[in-house]
1. Tell me, yes or no, whether the range A:84-99 has at least one residue that is crowded, with 20+ Cβ neighbours inside 10 Å, over 26 Å from B:A154 (Cβ atoms) and within 10 Å of the chain's Cα centre (by Cα).
2. When the residues of the range B:172-184 are filtered to those that are within 20 Å of A:A141 (Cβ to Cβ) and either among the acidic types (D, E) or buried (at least 24 other Cβ atoms within 10 Å of the Cβ) (or both), which remaining residue is nearest to the other protein chains (Cβ to nearest Cβ)?
3. Condition first: facing another protein chain (nearest Cβ under 7 Å) and either touching a helix residue (DSSP H, G or I) at 6+ places or on another chain (Cβ under 7 Å) or at pLDDT 90 or above (or both). Now tell me which residues in the range B:153-164 satisfy that.
4. Being in a helix (DSSP H, G or I), buried (at least 16 other Cβ atoms within 10 Å of the Cβ) and at pLDDT 85 or above is true for just one of A:F180, A:F154. Which residue is that?
5. Got at least one residue in the range B:57-72 being free of Cβ contacts under 8 Å to residues at least 12 places away in the same chain and among the hydrophobic types (A, V, I, L, M, F, W, C)?
6. Looking at the range A:43-66, I want the residues that are without any contact (Cβ under 8 Å) to a residue 24 or more places away in the chain and have a partner that is in a loop (DSSP other than H, G, I, E, B) with Cβ atoms under 9 Å, at least 6 apart or on another chain. Which pairs are those?
7. From A:S31, A:S75, grab the single residue that is touching a strand residue (DSSP E or B) at 6+ places or on another chain (Cβ under 7 Å) and in contact (Cβ under 8 Å) with a residue 60 or more places away in the chain.
8. Only one of B:V118, B:V126 is touching a helix residue (DSSP H, G or I) at 6+ places or on another chain (Cβ under 9 Å), more than 14 Å from chain A (Cβ to nearest Cβ) and farther than 16 Å from B:A59 by Cβ; which?
Amino acid sequence: MSLGIAALVTLAATCVLGLTLPKTVEQAEYSRMIAIHPGIAWTAYVASSVTALASILWLWPRTRHERWDLLAGSSAELATLFTALMLITGSIWGRPTWGVWWVWDARLTLSALMLALLLGYDALRRVPAEPDVRARRSAMAALLALVVVPVNHFAVTWWRTLHQGRSLDLTPKDSLDGSFLAAMTLGFLAMTLVYAWLLVHRVRVARLEDARDDLALEAAIDERRREAIPVAGA
Amino acid sequence: MWRDAVLVAGKDLRIELRSRIALQQVGPFGVLVLVLFAFALDPDRGILTRAAPGLFWVAVLFSALLAVQRSLAVEGADGVRDAVRLSGLDPAGIFLGKAAAVAVQLLVLEVVLGAGVVLLYDVHIVGIWTLVAAALSATAGLAAAGSLYGALAAGLRVRETLLPLLLLPVVAPVLIAATRASESALTGTSFEVSAGDWLGLLAVFAVLYIAFGLLAYGPLLED
Amino acid sequence: MGYVFAGYGITIASIAAYAGWLLRRARSLSSKP
């Protein structure tokens, strides 16, 4: 599948390019994270947005279709993966600058909250239910989380500006030369392609799972019917 | 809608008055959390006094979880939820009623916990009206969001573990804003972000979730 | 350099593991009678 090949190739190229970037004065070799972290962060936002949009499309009666629910759920799972990776890579990248693994700056804190919201959504989706019920429940949860995002943004940024005047900008000053920008851009492309490929396959798995559940339900009903027939004849 | 809301709120509060669960269990739980904080932190170095606003609101949040669970458990018996749904009551009214009942219980709890904090953590209140405003808007938001997520998780067997996971991240901004507003009420100083801004944020949160409840509670009940 | 490698490594490994799970799951779900 050409999407898969493209994703694989760009991902490999990103890694090679990223790991061979020159060291910088401020961050030594840590500035090599620029190849993957921004791309991962961007993809995490895209994935979350897709979930939100798909949930709205499902809830809107005129556009309601099973495909939006499958898309929302699949994209949310990917958003969880990429948000977690964003936190990990961000934490590693910041270590030489901050000296610690974690600081409560606005961006990291907001990302951590985002991860918590996504984990809740994933957990809700795993509760066994009919597809329609699950779809409505998940879409509502997605909207409830969407509503809080702007409030979160203000709450956390106001809160952290009290304590940290400078915003922690991870890009080292002397690095905006060609190779760093190229690596970062390639990283954006690679992560987006990876997400797209994973999404296609996750939706496929979701469809297969729903189909299998339907078959299992029908089989159970058939068995029940077969049990009932002799009794009716007696 | 208002009549239904008053009906439902009255029912929930009457059940509470008769069973006294909030009084005898949720309240003591909240105070217990305050005491546990004292055990965990060092009471002698002024940490408790400095952290008091945050500790207070964390205790309120945990107690709110219990209050919301209780609000759901009241209708947990088989068929009762269906009966409520089929009763012809306006869903928006049901939402307002249940949220109002939770809010009333939370407000009473906050008074108790507030007294606890003043006594146990050696706190002096400078701006009482800021505190009152913060408590009112934070509680409105907590009750609304709690009732919404409660309805979402109502029939599920995993409700007890799922509800905290769903609700707490969403009310995190309430914790942040209420604590900052309370801080300025206790120290009397104003920071770059004024207490008024925090109160505004709390109000926005409350309005958003109350509006969501009014619009969406009906479909939520349909599961 | 260790931590940078770890960062890249965790990223690649988790993506690969997830992709592998997806492909295996799809295969097992579509092969059932």
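The values are calculated or read from the model by the stated rules, or taken from the named source; none is laboratory data. Predicted model, so just to flag it, every value in this text is computed and none were measured. Quick reminder, even Gly has a Cβ in these numbers, built from the backbone with ideal geometry, and neighbours come from all protein chains shown.
1. Taking every residue of the range A:84-99 in turn, at least one turns out to be crowded, with 20+ Cβ neighbours inside 10 Å, over 26 Å from B:A154 (Cβ atoms) and within 10 Å of the chain's Cα centre (by Cα).
2. Of everything passing the filter in the range B:172-184, B:P173 is nearest to the other protein chains (Cβ to nearest Cβ).
3. Looking only at the range B:153-164, we keep the residues that are facing another protein chain (nearest Cβ under 7 Å), and these are B:156, B:158, B:162.
Of everything in the range B:153-164, those that are facing another protein chain (nearest Cβ under 7 Å) and either touching a helix residue (DSSP H, G or I) at 6+ places or on another chain (Cβ under 7 Å) or at pLDDT 90 or above (or both) turn out to be B:L156, B:L162.
4. Values: A:F180 fails: at pLDDT 85 or above.
Residue meeting the stated conditions: A:F154.
5. Our first condition is that a residue be free of Cβ contacts under 8 Å to residues at least 12 places away in the same chain; within the range B:57-72, this holds for none.
Within the range B:57-72 (the criterion being free of Cβ contacts under 8 Å to residues at least 12 places away in the same chain and among the hydrophobic types (A, V, I, L, M, F, W, C)), the answer is no, since none of the residues qualifies.
6. Pairs found: A:L57/A:R64; A:L57/A:H65.
7. Values: A:S75 fails: touching a strand residue (DSSP E or B) at 6+ places or on another chain (Cβ under 7 Å).
Unique residue meeting the criteria: A:S31.
8. Values: B:V118 fails: farther than 16 Å from B:A59 by Cβ.
Unique residue meeting the criteria: B:V126.
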